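Novice: Provided herewith is a single structure, encoded as structure tokens, for subsequent inquiry.
The values are calculated or read from the model by the stated rules, or taken from the named source; none is laboratory data. Just so it is clear, the structure is predicted and the values come from calculations on it, not from any experiment. Neighbour counts are summed over all protein chains in view; Cβ atoms, including those assigned to glycine, are modelled from backbone coordinates with ideal geometry. Please note that ligands, DNA and RNA were not included when accessible areas were found on the heavy atoms of the full protein model with its side chains. Shrake-Rupley method; radii C 1.70, N 1.55, O 1.52, S 1.80 Å.
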Amino acid sequence: MVSDPKRYENFFFKGVGVSGGVGIGQAVIIKHLTTDLCPKRIITPDEIPHEIQRFEDAVKSAEQRLREIRNGLDTSHPLFDHAYILETHILLLHDRMFFEGTKTAISNELLNAEWALAQIMMNVTAAFDSIEDEYLKERARDIHFVGERVLKLLMGIQSAGMVTQLPPHSVIVAHDLSPADTAQIKKDNVFGFATDMGGKTSHTAIMARSIKIPAVTGLEKISNIVQTGDTIVIDGSTGVVIVNPDPETIYRYRERQEVYRKYQQSLMAFGMLPAVTSDGSRSVRITANIELIDEISIAVSHGAEGVGLFRTEYLFLGRSDLPSEEEQYAIYKRVLEYNNPNPVTIRTLDIGGDKMSAQIGASHEANPALGLRAIRLCLSRVDLFKTQLRAILRAAVHGTCRLLIPMVSCIKELLATKEIISQAAQELDSQGIPHQSRIKLGILVEVPSAVVIADLLAREVDFFSIGTNDLIQYAMAIDRVNEQVNYLYDTLHPAVLRLIRQTTMAAQARGIEVAMCGEMAGDPVNIPILLGLGIDELSMNALAIPLVKKLVRSVTMEECADLTRQAFEMQDSEEIRFFLEDWLGARFPRDYFVDSSQHVQ
Ligand code: PEP
Ligand code: MG
């Protein structure tokens, strides 16, 4: 790809802000190697051994380099918790599809090593292209990162040291940055990064948040437009990138940088405080939603008082086998021990809908969101469900564990689930395997029928957790991944608020706790109403925690009850949103809106 020679002046781009803060510096372009640029040659059969040897040597060198980078992440390094990503990349080098697949392409199709490898990388991309799930897409990118490293070695392209030898005040601009590149960044020299690819859940984004470098991803073509030496502003909170800003814009962003820095500093302190209303009359537990084990340290450092939702299906996605009981046990144990004595709510497998697994018999369905998903699928695959339950019950002795069942829509499902849990516990008992059988059981209230029978369900469980992401989808009849109907997706719709109220009232009548773990729980605008409705626990994206705690600590229950009462008199969500934003804006001038990325749903 040839760089556009045009120099852009004060040019604004919008991508996905994945790591907050403002970085201002000089762009350094890290060129990416496209597979179409690799040499392509049909070889003769007697060249096969030589090409295979070249490929194997390149894999060996890539492995050695990745090990060096991994070993550089010692316990004092802020990315120590992420070192396992590099270990995964080392394993991927020997993945059957990658390693054997390339060698087969060399010997069967008579392709030179570079071409054979490029072909495998393109196949992976094509296979993952049609998948909606962002997490799975990221796993395809892992194979790409590894493949590109080997390809560069085959082509004799020196990439080592590119990110380690950057001049001071650099802003990295790249098509994509691998976790290995990110791990080598020297924070003193790098003020931010901007990439064409990626989203919030990429490993690179998670690592950027850990080392606290402002980052914007998903900018599509920025690496072709920006030139090395251009001045560049990265606003990782709003996802804005400005190329060659004018002096006034720079001035504005320097100010914003300072405001953000001070704001974050002051906010982080709130993360460590309990979320008690200013009148001291009510306290809510603030917990984190996690998908990957490497998110726990960020959650704890932002003030999470446990995990309110561990989406375990991510252990099952993007791999060619199923995680064993032992593997699951080790992961659940680690999360529980890390949070002990704070509670960890482990949600059982929620496969189906928009999260598909190649291994778990999700046949093609016309309406997957209404199909064999979550608990429905688990009840039809008792083998798999029981393996997970055994792993959870065993891990539960290492901390405070709560079990959460997704997508329950009727009592029958809940009773069948309880029966399988007790079978799993009995089996462990008879095998003499240590486990915790008295574990708190809850359901995700995310199907409208569960709200309607919340009084009946409340008799059977220890807690509810409201999953607004799905509850809104099913209540409003809108596919949550369909952009065309996204305008109807509104947490403040009077119907949604009434569904939440009905759930909390049923829980309160039975004396059980009610949590919320949908995205609604982390959006500041909803906090007064959620307090007014009596939610006991709010579980959210870890980055939202400090601000949410600050809000809870700044309001009284009387105010919240009053706002809730008024909001319930209003007829539509716009009116309610306007009313709440107006109130919050007046109450928390300026700093409330600084980190606007936290307000995006
Ligand atoms: C929800 O539906 O609100 C929820 C928390 O679960 P998920 O987003 O994983 O479906
Ligand atoms: Mg859900």
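Novice: So, with a 1.4 angstrom probe, what is the percent of accessible area on the chain that is carbon and sulfur?
Specialist: So the carbon and sulfur contribution to the accessible surface is 53 percent.
Novice: Also: Across the Cα atoms of the range 35-155, what radius of gyration and what greatest pairwise Cα-Cα distance (Dmax) are found, in Å?
Specialist: 15.4, 51
Novice: Any idea what angle helix 325-339 forms with the longest principal axis of the chain, computed on alpha-carbon atoms, 0 to 90 degrees, nearest 10?
Specialist: 70
Novice: Another question, if that's okay. On a full-extension model of 0.36 nm per residue, what is the gain between S61 and L488, subtracting their alpha-carbon distance, rounded to one decimal in nm?
Specialist: Details: separation 427, 0.36 × 427 = 153.72 nm, distance 5.22 nm.
Fully extending the segment from S61 to L488 adds 148.5 nm.
Novice: Can you pull out the trypsin sites (Lys or Arg not before Pro) in the range 1-90 that DSSP calls coil and that have at most 16 other Cβ atoms within 10 Å? Mind dumping the intermediate values first?
Specialist: Values: sites: K6, R7, K14, K31, K40, R41, R54, K60, R65, R67, R70; in loops: K6, R7, K31, K40, R41.
Within the range 1-90, the qualifying trypsin sites (Lys or Arg not before Pro) (loop, at most 16 other Cβ atoms within 10 Å) are K6, R7, K31, K40, R41.
Novice: Let me ask another. Give me the dipole magnitude in Debye, nearest 20, for the chain about the Cα centre, with unit charges on the beta carbon: positive for Lys and Arg, negative for Asp and Glu.
Specialist: 920
Novice: If I take R0 = 30 Å and measure r between the Cβ atoms of V397 and R498 in this structure, what FRET efficiency does the formula 1/(1 + (r/R0)^6) give, to the nearest 0.05?
Specialist: So the FRET efficiency works out to roughly 0.15.
Novice: Now a separate question. What do you get for trypsin sites (Lys or Arg not before Pro) in the range 207-267 restricted to DSSP loop and a cutoff of at most 16 other Cβ within 10 Å of the site's Cβ?
Specialist: Answer in residue order: K212, K221.
Novice: Now a separate question. Modelled label-to-label distance, E220 and M268, 7 Å Cα→beta-carbon offset: nm?
Specialist: Here the answer is 3.5 nm between the modelled labels.
Novice: Let me make sure I get this right: for the range 257-383, a, b and c are the square roots of the gyration tensor eigenvalues over alpha carbons, sorted descending. Under 1.5 in a/c it's rounded, otherwise prolate if a/b > b/c, else oblate. Which is it?
Specialist: Note, shape of the range 257-383 comes out prolate.
Novice: Please state, rounded to one decimal and in Å, the Kirkwood hydrodynamic radius that the range 279-556 gives when every pair of distinct Cα atoms enters the mean of 1/r.
Specialist: After inverting the mean inverse Cα-Cα distance, the result is 19.0 Å.
Novice: Put +1 on the Cβ of each Lys and Arg and -1 on the Cβ of each Asp and Glu in the chain; which of S324, L379, M268 then has its Cα farthest toward the positive end of the dipole?
Specialist: Going by the Cα projections, it comes out as M268.
Novice: Name all residues of the range 488-519 having a backbone nitrogen under 19 Å from the label point set 7 Å from the Cα of E574 along its Cα→Cβ direction, giving them as ranges.
Specialist: 488-497
Novice: Here is a follow-up. Under a cut-off of 22 Å between alpha-carbon atoms, report the lysines in cross-link reach of K137, not counting same-chain residues fewer than 8 places apart.
Specialist: K14, K31, K200, K221, K355
Novice: Rounded to the nearest 5, what is the percent of antiparallel bridges among the DSSP beta bridges in the chain? Write out the running numbers ahead of the final one.
Specialist: Working: 20 of 61 bridges.
Of those bridges, close to 35 percent are antiparallel.
Novice: Probe of 1.4 angstrom, ligands and nucleic acids ignored: what's the accessible area per residue over the chain, in square angstrom?
Specialist: Normalised by residue count, the accessible surface of the chain is 42 Å².
Novice: Round to the nearest 0.05 the FRET efficiency obtained for D582 and E460 when R0 = 35 Å and r is the Cβ-Cβ distance.
Specialist: Efficiency, rounded to the nearest 0.05: 0.25.
Novice: Would you kindly give the portion of the calculated P(r) for the chain that falls above 32 Å, as a percent of all Cα pairs?
Specialist: 51
Novice: For Q165 and R261 in one chain, what is 0.36 nm times their gap in residues minus the Cα-Cα distance, to one decimal in nm?
Specialist: Result for the pair: 31.9 nm of gain on full extension.
Novice: Summing -39500 (n - 2.57) over the DSSP H runs of n ≥ 4 in the chain and dividing by its residue number, what mean residue ellipticity at 222 nm do you reach, to the nearest 500 deg cm²/dmol? Mind showing how you got there, number by number?
Specialist: Working: 22 runs with 266 residues, N = 601.
Taking each H run of at least 4 residues, the total per residue is -14000 deg cm²/dmol.
Novice: Using 0.36 nm per residue, how much length does the chain from L379 to I420 gain when fully extended, once their Cα-Cα distance is taken away?
Specialist: The span from L379 to I420 would gain 13.9 nm if fully extended.
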